[in-house]
Amino acid sequence: MVGIRSQGAYVPMNRLSLSAISGGGRKAGSAGGERAIAYFDEDAVTMAVAASTNCLEGFDRRIVDGVLFASTSYPYKEKQAASVVAKALDLRRDVVTADFADSVRCGTNALRSAIDAVKAGSARNVLIVATDCRPTAPRSALEKSFGDGAAAFLVSDTDVAATIEHHHVIADEIIDVWRTESDRFVRSWEDRFVVEHGYTHNTIEAIKGLLAKSGLAAKDFAKAVLYSPDGRSFAAVARAIGLDAKTQVQDPMFGRLGNTGAAFAPMLLAAALEEAKPGSKLLLANYGDGAEASVVQVTDAATALRNKRGIAWHMQRRTEFADYDKFLNFRNLQVSDVDRRGGQGVSATVHFRDRNEDISFHGHKCRRCGTEQFPLQRVCFKCFARDDFDEVRLSDRIGKVMSFTFDFFAGSPDPPLVVTTAEVEGGARVYVQMTDVSPKEVKLDLPVEFTFRKIHEYGGTPNYFWKCTPAR
Amino acid sequence: MNADAIRDKVAIVGMGCCKFGENWDKSPEDMIVEAAFEAYEDAGIDRPQEQIEAVFCGAVYPSKGTAEVADALKLFGKPVSMTQNYCATGTDALRFGVFSIACGLYDTVLVVGFDKPKDRGVSGPSAVTTGVRGLPMTPAGWFSLCAARYFETYGAGREDLAKIAVKNHHNGTLAPKSMLKKEITVDDVLKAPIISWPFGLYDCCAQSDGAAVAVLTKRELAKKFRDDYVLFKAVTIALGPNPQADPSFDFLRWKPTVYAAQDAYKQAGITNPSKELDLAQVHDCFTLTELLTYEDLGLAEKGSAKDHIANGTFELTGELPVNTDGGLKTFGHPTGATGVRMLYENYKQLQNKAGARQVKNASLALSHNLGGAPQACGITIVGLP
């Protein structure tokens, strides 16, 4: 049996009141409550070490074969965090280390990888630790809903307290919450869009897929551990799945802890396991650039997890912190440090609607007349049939240049920009830039192939689309 | 469709046009007032609040909308509406004004086309920033779409385009209200920096600020305003598919012009446009647009434009002068005003008031706009009674 053998958590001691973030007194609409904040000497790595130490309490550390570190807020762009954690934990020198990052779903990504590694027999005991201390703009809504914390699990093939029985995953491309290398703070698109088309849609799809695979129903779960972007949205997921939000959903601790990003679902799982009855089942669902869901089967060994320095222990240990300026000082911020970016760049909702044509490079083939066309249409260019198309992938077809221009005015960093209308094999016409080409090579009817490129970086984010290039 | 519903029912009795250009020192209000009061004076209107029954506006660049016109002219207590149809915006505003009179609802209306793109602090049009594929975009890139294949098919080239720019620069020197007044040579055009091949700087029109205004009335009342009124023979708009996506696009013509011309000639009863028309103002946002328009309007056989350019057919002294006031190229292109400005020129030409650029014995004139990718074409045909 492979599963979770031990666990530990860490929540920083200080709790900042949400009203302090709002600027003093209770403003209309500002909830009461608090969030966990890392002290000035804490970050994602120190919290990871603390949670891991709690997880490994009572174990011979020489048994640890691997450390998987998961976070979106590790300070280095290049240099591994797992190796720092392994060194701080004084683990073996031949320990396997790897970092998981770039999505708040990376904590459960790491958990699954650890389970796969132990199942495959390449390791017997793997420590996974998820941790986050995400940067937010002063006085922003995200600053109020986020929290700092970490959770660690020891995944093993012996003495397991819980096994992961089934797994279903959805990969999704959406710009809902993001931070580029040059962004100081986490950014997000309009919350209703993020919740509806990002979180809710994907999470429900993942859970429904899991239920279909496992043959289980909502009533079979003692508790559902649901990632939630806020203190309300999980209820819509629970309702869609048929879970009773009051009794069957693990308390997401908004107003006490806050959304701890990559650590959030792992921390809620740790909290649920601390209270779980042996023999019961938990539903674990996490979100971020897609979603995933697992069935967690609790074993008799789970009672051993209750004595750890886990979530309950840390939630008891709290100190009120009311000095907002000091909190900003911890993070080297001032109240005036707002996000000064001009625009949000390309509309995330337009990107969302256009992703089949922009990212997958799909065109439409009319089922009535066979005409292929790009972009996706509702009414056929040729026979005017409505909504009677099959989506066809154009990216791996060849094409030919129907028309071209050399645009010196388009702001290319390497002018001129070669712009063409290409006819893709099958007849669709696409207005695309040509890349990796000298203007001298460009001529009518030149055969081209397609390549996925950055089309521009408006708004400070890379915006991807396909370009054509001479067929090689 | 009743092709006779418009012809000869609506008269133009007054027109005004402010000086086009980079009008840094003028607000939209200033330009609208200048153009409108010239039109009032031309029509003999001294009580516009009583005599104007409705106002039709056209503007493309973000403005305060209808209130910008109503506030400027203090025209309250009457319908004021605004239309937008790419570069055919001004022509579409005229179209609604014509409809409102032809259907018998109003006697006298005002049409106001204006735009103030030069307050945005950038050259060229504003960028679309909503979709990934919307950038980078330049109209020069869009309108050059036909160049490579047209050149290869019919043996034309940049030299032919250059002659169009030279012609329009010359005509612009003769128009007092034009933006650019500078003679150029074919050599100047060919040596200018390339904007988007085959377009060099001189192949591209001058974006500018401006406003133009028309007073329209029903034919029966026209004599009360003036003897030398001008009548609408046709006014139309046609949309074509986006040439960047149209699977049947042939890169030799702009479909919207072909569609709109068919309709306009039917309304006006024209069967041989190159012979019947005396002059035309066509959309020369880029020189190739003017070249293709000669053919798409039937003023020249498809593929023959370069021969006509060589022979001077469309020059001021030629058989069928085109863009007698310098066109978008040198008169300027405040998008919403352009269609109305073209009508201003045709109106003055038909009244024999065009000064040094006067076309002899002109009695039937066409104006043409083409906008979008391009996708929208607007045409008016006006003539003497």
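Quick look at the numbers
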read-out	value
Shape of the stretch A:348-470, Cα gyration tensor, a/c cut at 1.5	oblate
Gyration tensor (alpha-carbon) shape descriptor, the stretch B:34-112, a/c threshold 1.5	oblate
Fraction of beta bridges assigned by DSSP in the protein assembly as shown that are antiparallel (%, nearest 5)	75 percent
Overall Cα dimensions of the stretch B:1-150 - principal axes, largest extent first, Å	49, 44, 26
Normalised contact order of the stretch A:348-470, rounded percent, pairs of Cα under 8 Å and 6 or more residues apart	21 percent
Derived scalar couplings ³J(HN,Hα) [the stretch A:363-378; Karplus, 6.51 cos²θ - 1.76 cosθ + 1.60; whole Hz; x for Gly, Pro]	x, 10, 10, 5, 6, 8, 10, x, 5, 9, 8, 9, x, 4, 10, 9
Filter on B:Lys118/B:Lys329; B:Lys233/B:Lys255; B:Lys19/B:Lys223; A:Lys213/A:Lys365; B:Lys218/B:Lys348 - keep pairs with C-alpha separation over 24 Å	B:Lys19/B:Lys223; A:Lys213/A:Lys365
Mean-position separation - Cα centroids, the stretch B:278-305 and the stretch A:62-102, in angstrom	69 Å
For the protein assembly as shown, the Rg and Dmax computed from alpha carbons only, in angstrom	34.6, 108
Segments B:36-49, A:211-224 sorted - mean Cβ within 10 Å per residue, highest first	B:36-49, A:211-224
Likely footprinting exposure, B:Asp227, A:Asp176, B:Asp119, fewest C-beta neighbours within 10 Å first	B:Asp227, B:Asp119, A:Asp176
Ascending count of other beta-carbon atoms within 10 Å, so fewest first, for B:Asp250, A:Asp116, A:Asp60	A:Asp60, B:Asp250, A:Asp116
Förster radius 45 Å - calculated FRET efficiency between B:Leu252 and B:Asp187, Cβ distance, rounded to 0.05	0.95
Inter-chain shielding of A:391-404 (mean C-beta neighbours from other protein chains, 10 Å cut-off)	2
Relative packing of B:4-11, A:345-352, B:168-175, which averages over residues the other C-beta atoms within 10 Å, highest first	B:168-175, A:345-352, B:4-11
In Hz, Karplus ³J(HN,Hα) per residue of the stretch B:237-243 (6.51, -1.76, 1.60; θ = phi - 60°; x = Gly, Pro)	10, 9, 9, x, x, 4, x
Cα pair count fraction exceeding 30 Å, expressed as % - chain B	32 percent
Cα→Cβ-extended label distance, 7 Å offset, between B:Glu22 and A:Gln80, nm	5.9 nm
Under 15 Å from B:Lys163, Cα to Cα: aspartates and glutamates that are on another chain or at least 8 residues apart	B:Glu183, B:Asp187, B:Asp188, B:Asp203, B:Asp284, B:Glu290, B:Asp307, B:Glu315
Amide H contacts under 5 Å for B:Lys26, placed H, 5+ residues apart	none
Cβ neighbours within 10 Å from other chains - mean over B:140-150	5
Order of B:Met15, A:Met13, A:Met402 - criterion: other Cβ atoms within 10 Å of each residue's Cβ, fewest first	A:Met13, A:Met402, B:Met15
Reference-scaled alpha-carbon Rg (2.2 N^0.38 Å with N residues) for the stretch B:318-384	1.11
Other-chain or far-sequence residues with amide H under 5 Å of A:Ile455's (modelled H)	A:Asn463, A:Tyr464, A:Phe465
Selected from A:Pro375, B:Tyr265, B:Leu279, residue furthest toward positive end of dipole (the protein assembly as shown; charges at beta carbon)	A:Pro375
Rel. contact order, % - alpha carbon contacts under 8 angstrom, at least six apart, the stretch B:36-174	21 percent
Using alpha carbons only: equivalent-ellipsoid semi-axes of the stretch A:3-330, gyration tensor based, whole Å	28, 24, 19
Partners for A:Lys208 among lysines (Cα-Cα distance below 21 Å; same-chain residues under 8 apart left out)	A:Lys219, A:Lys223, A:Lys246, A:Lys281
Test item: B:194-201 mean partner chain Cβ contacts at 10 Å	5
Sorted peptide list for B:333-345, B:349-361, criterion being average Cβ within 10 angstrom, highest first	B:333-345, B:349-361
Using a Förster distance of 60 Å, the FRET efficiency for B:Glu50-A:Lys443 (Cβ separation, nearest 0.05)	0.40
Relative contact order, percent, chain A [alpha-carbon distance under 8 Å, six or more residues apart]	16 percent
Cα-based helix-to-principal-axis angle, B:158-173 vs chain B, degrees rounded to 10	30 degrees
Calculated diffusion of the stretch A:38-178, Stokes-Einstein form, Kirkwood radius summed over Cα pairs, 20 °C and 1.002 mPa s, µm²/s	135 µm²/s
³J(HN,Hα) computed for each position of the stretch B:188-201 - Karplus, 6.51 cos²θ - 1.76 cosθ + 1.60, integer Hz, glycine/proline x	4, 5, 5, 8, 5, x, 6, 8, 8, 3, x, 8, x, 3
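Read-outs: derived from the displayed coordinates by stated rules, not from any lab. In this text, all values refer to a predicted model and were calculated from it rather than measured experimentally. A quick note on method: Cβ atoms are made from the backbone with ideal geometry, for glycine too, and the neighbour counts reach across all protein chains shown.
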